[in-house]
Amino acid sequence: MQFDQSKCSVLKGFVTIKDGCAHVVPAAAVDLYFCSVSPGPCGGRLSTRTMLGRTLREVSAALKQGHITPTELCQKCLSIIKKTKFLNAYITVSEEVALKQAEESEKRYKKGHSLGDLDGIPIAVKDNFSTSGIETTCASNMLRGKGYVPPYNATVVQKLLDQGALLMGKTNLDEFAMGSGSTDGVFGPVKNPWSYSKQYREKRKQKSHCENEDSNWLITGGSSGGSAAAVSAFTCFAALGSDTGGSTRNPAAHCGLVGLKPSYGLVSRHGLIPLVNSMDVPGILTRCVDDAAIVLGVLAGHDPKDSTTIQDPVKPFVLPSLTDVSKLCIGIPKEYLTPELSSEVRSLWSKAANLFESEGAKVIEVSLPHTSYSIVCYHVLCTSEVASNMARFDGLEYGHRCDIDVSTEAMYAATRREGFNDVVRGRILSGNFFLLKENYENYFVKAQKVRRLIANDFVTVFNSGVDVLLTPTTLSEAVPYTEFIKEDNRTRSAQDDIFTQAANMAGLPAVSVPMALSNQGLPIGLQFIGRAFCDQELLTIARWFEKQVQFPVIQLQELMDDCSSVFENEKLASVSLKQ
Amino acid sequence: MAAPMLRLCCPGRRWALACIDGCSRHRRGAPNGCTSSRKRGQSSVAQQPFITAQKPRKGEHEWAAVVGLEIHAQISSKSKLFSGSQVHFAAPPNSLVSFFDASLPGTLPVLNRRCVEAAVMTGLALNCRINKKSLFDRKHYFYADLPAGYQITQQRLPIAVNGSLVYSFCAGKNRSQVINKTARVKQIQLEQDSGKSLHDDLRSQTLIDLNRAGVGLLEVVLEPDMSCGEEAATAVRELQLILQALGTSQANMAEGQLRVDANISVHHPGEPLGVRTEVKNLNSARFLAKAIDYEIQRQINELENGGEILNETRSFDSKLGCTIPMRDKEGKQDYRFMPEPNLPPLLLYDTESLPAGADPQQVIDIDRIREQLPELPSVTREKLVQQYGMLPEHSFTLLNEVGLLEFFQNVMKETRAEPKKVTSWVLNTLLGFLKQQNLAVSESPVTPSALAELLNLLDRKAISSSAAKQNWKRFR
């Protein structure tokens, strides 16, 4: 690896990977269990026997053609959810709701009145989105204590249901989405399905240190780790995450998924239990870029209940097929080449840039000079908003309430002490400190100014003619849980959000696309960051990239072998796909 | 001594000004109840508190009082400031509460256009500069009737600034001299009302009613340009009339639609202002004047006895007639203001800046609101004086008594009697009677038509004046 940190510019550093990791898996290997990603020249042949491994678009076509019914699909997904319970991906499985929705969907299909691409498609929703009649916990004792059941649906949930999607359940997360591992919620950590993949296991066998396999499972990343695990383990076809500093893209990268953080203001936050209102965006986790585009097409647009959504009408998202990238200009931010970046990710990043360059795109090094202030700035703004947003959890209207009734103040204190974990309480304390009259100017206002500088960095770069930025999503591939918890939540969050959080600061759309497997057989994703509200352009480029890299499908047959029938669908002899 | 002597009539009602004879017996008194604490100027204070406050006996230091006001007026709107719940006084507890009002997690504020228009209209009526860009902030404090743990207000950049409130009162021996005073309006801000806490001391419980939580408020901040309770009460009364004329608030103090906090300090003229106290939640014009005058005198007494004034929040005990420190265990609150991230800046336009092709439903045009401004009370009074040759002080009384102007105008419509005669009958005979009976104008046993008929008979000399006065109550 010829990457001299100190001297070389990013551009010159691009090298091809000489050996080791399985960056491009031959199509034949993919075919074994699950079909490859998007249809088209290389993925159009549907020789697989399974349905669950398919993309949303494929299964949607199968539903329309009657090769499978929504109820069958729903039951298959439910059985996998049960099978993969140990992953801890779901906090609540809404089996009855899903089956009922499937039944209704089936009726619609029978009448030929399907509601659209999502009709009958199993989806999962992160447990910080309000779901009417279904318990919503934020993985916190504060809401779980009394079993908080929202009386309304988040706008994004409602939009999915209006399209006929089947809600399989609510997925696990870090408490109130504060974390980057999905390890810090009251329901315990989420396990990365790749821990049990054939790809990873085989690599480990080669190294064979006879470690206890069970204790060596990997984290999913977070905070939308439950959603990532749910999609990755084939329990659903798409899941909602939330993304405040990278919480959708980070687990997507670790779980080999596409993780989309749309532009701030494109998708309604109404009903999303907030972490940082000015940065939160509902995120989308899917197995391919096309699927993310379909879901975004359903979710995007003005919501009268969220004043920060754009007023302009949003056109339907149809990704044009991109064959020529020669007119594209890809920016490589030099500040993202940090010493902490693993050599493997660095190599893949270089390789991706080379790929674009070799196909005729202009690839240039760009500078985002305020990047290094991002983490500190984010810390101040995030904790301040957290302190404010968490003030409502006082035990009065809903959620946990302690037994102490000496005084209202004592009740507040004990309720919040019992309801929140250390991470949440720590952030509340810091945030309140930054908001004190004596500190406001020195911390909050300064952080806001830095945020503006960070946002302006992107404006400058995009104004210079760059179409998208190409960066790593994470420093490395997923690490074992035992490794991860050696550092505290705050350190981890600061480290892990490094490449992702600037997009939240600037409100830009960003997507993590899985590129290849590491030496250890684990997914590595790269991130594209686009211009504000150019989500479609961003996804178009991401899809082109996805097609080039042919990321391998996770092979979970060992995990599922005793329920192979679940994956079989004899009816699916041929599914024709229209694009 | 310029400060005029004012009279507040008839305890129990809301008339701040009544310039007619016959009710001067209800002379505004000094703070009573806690009078034992007063040591100086006792005798004159009892009669003329405001003068005493500023002009003590010779040889003593002169004291001047400075009074500023924060007035919260509930906006008269169908729904709340940031939610679709209805606004109603006296609805069953917790029957007008949306998910947002109850601060359910994930709910977001959506600004009510009507409330913005009301704020702009009020700002224009108070000669304010309307900010074309204003911002919303969160003000944090924990309280049971504040479900979100913060109130959304406009701390940094309010919707209207730098206005003035002109208020007048009648002074002089015959109360025939109209004196105009001006209180500067520092700002008008839009903010949420809180819910209501009902403390059940017996069971040591607090019951929460969120019907009021999130109702739109206009906070009008008056600079410390007033110097006594009477001035403050008169300014508030004028504001009340303006809000009612605009229809932006019903401004009924008894129903809590208008609530006043007063900032009070005393100092020696020529010296820096003294430490101020804040007297909170004054809910009648009479208590407002009383509380301020009491507080002024208390501060003077405190200072003259070598004490010091604490920057504290006090409340007015209307039974005892004195102000008492509010329980504030935590010391001074730090509200930890921060920008409300869920509301973009509020942008207003005028005819010039209105974007071409803008959806009228999406933009607010200040100039259009200006065109729609109704007649303000000062203009109405002027018209009465000009149209009917009425004495200015009579025009004040007609407007100050709820419903009296309408009564007067209805009588005028149906009678050929001289306006002066009608004025005299309405203000002296009728109003005197109503006050004696403790009745509101709307409860008058005599209708405008009946009075008009009586005056016609009188005009035709069908009955004598004395007979009319004796028997007028029978006309119904």
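The values are calculated or read from the model by the stated rules, or taken from the named source; none is laboratory data. Keep in mind it's a predicted model, so treat the numbers as computed, not measured. For neighbour counting, all protein chains shown are included, and Cβ atoms are generated from backbone atoms with ideal geometry for every residue, glycine included. Each accessible area value is taken on the protein alone, full model and side chains, heavy atoms only, with ligands, DNA and RNA left out. Shrake-Rupley method; radii C 1.70, N 1.55, O 1.52, S 1.80 Å.
Surface burial for B against A, with a 1.4 Å probe and both sides summed, reaches about 2800 Å² of accessible area.
Among the trypsin sites (Lys or Arg not before Pro) in region A:439-542, those located in a DSSP loop and surrounded by at most 12 other Cβ atoms within 10 Å of their own Cβ are A:LYS486. To the nearest 10, the accessible area of B:ARG298 is 30 Å² with a 1.4 Å probe. Sparse packing (at most 15 other Cβ atoms within 10 Å of the Cβ) combined with a DSSP loop state is found for the following trypsin sites (Lys or Arg not before Pro) in region B:53-146: B:ARG57, B:LYS58, B:LYS78, B:LYS132. Within chain B, which complete DSSP H helices have Cα atoms spanning at least 24 Å along the helix axis and a mean Kyte-Doolittle hydropathy of -0.5 or higher? Those that clear 24 Å and a mean of -0.5 are B:229-246, B:285-304.
Taken per residue, the accessible surface of the protein assembly as shown reaches 40 Å², heavy atoms only and a 1.4 Å probe. Highest mean packing first, where packing is the average number of other Cβ atoms within 10 Å per residue, the peptides A:493-502, A:421-430, A:106-115 line up as A:493-502, A:421-430, A:106-115. Which helices count as membrane-span-like in chain A under these terms: full DSSP H, at least 30 Å along the axis by C-alpha, Kyte-Doolittle mean of 0.5 or more? The qualifying helices: there are none. With a ≥ b ≥ c the root eigenvalues of the C-alpha gyration tensor of region B:137-219, is it rounded (a/c under 1.5), prolate (a/b larger than b/c) or oblate? Here region B:137-219 falls in the oblate category.
What a 1.4 Å probe finds exposed on chain A is 52% carbon and sulfur by accessible area, rounded to a whole percent. The calculated FRET efficiency for the pair A:LYS205 and A:GLU365, based on their C-beta separation and a Förster distance of 30 Å, comes to about 0.15.
Summary value for chain B: 18 percent relative contact order, contacts being C-alpha pairs under 8 angstrom separated by 6+ residues. In terms of the Cα gyration tensor, with a ≥ b ≥ c the square roots of its eigenvalues, is region A:214-256 rounded because a/c is under 1.5, prolate because a/b exceeds b/c, or oblate? Since a/c reaches 1.5 but b/c is at least a/b, the shape of region A:214-256 is classed as oblate. Which pairs break 19 Å Cα to Cα here: A:LYS100/A:LYS170; B:LYS435/B:LYS461; A:LYS327/A:LYS362? Table pairs above 19 Å Cα-Cα are B:LYS435/B:LYS461. For A:LYS449, go through the lysines and keep the ones whose alpha-carbon is under 28 Å away, minus same-chain ones fewer than eight residues off. In chain and number order, the partners are A:LYS261, A:LYS334, A:LYS437, B:LYS132, B:LYS133, B:LYS139.
Using the Cβ-Cβ distance between B:VAL166 and A:ASN456 with R0 = 51 Å, the FRET efficiency computed as 1/(1 + (r/R0)^6) comes to roughly 0.60. Comparing each chain alone with all protein chains together (probe 1.4 Å, DNA, RNA and ligands left out), the residues of region A:430-458 losing at least 40 Å² of accessible area are A:LEU435, A:TYR440. Beyond 20 Å in Cα-Cα separation lie the following of the pairs B:LYS383/B:LYS420; A:LYS446/B:LYS186; A:LYS85/A:LYS191: A:LYS446/B:LYS186. Pairs from the table (B:LYS413/B:LYS469; A:LYS64/A:LYS315; A:LYS83/A:LYS203; A:LYS146/A:LYS486) lying more than 29 angstrom apart at Cα are A:LYS146/A:LYS486. Within the same chain, aspartates and glutamates fewer than 8 places from A:LYS76 are excluded, and of the rest, those with a Cα less than 18 Å from its Cα are A:GLU58, A:GLU95, A:GLU96, A:GLU103, A:GLU104, A:GLU106, A:ASP119, A:GLU558, A:ASP561, A:ASP562, A:GLU568, A:GLU570. The modelled label-to-label distance between B:LYS319 and B:ASN283, using points 7 Å beyond Cα along the C-beta direction, is 1.5 nm. With the cut-off at 1.5 for a/c, could you classify region B:336-389 from its C-alpha gyration tensor as rounded, prolate or oblate? Here region B:336-389 falls in the oblate category.
For GluC sites (Glu not before Pro), the sites in region A:423-512 that DSSP calls loop and that have at most 15 other Cβ atoms within 10 Å are A:GLU487.
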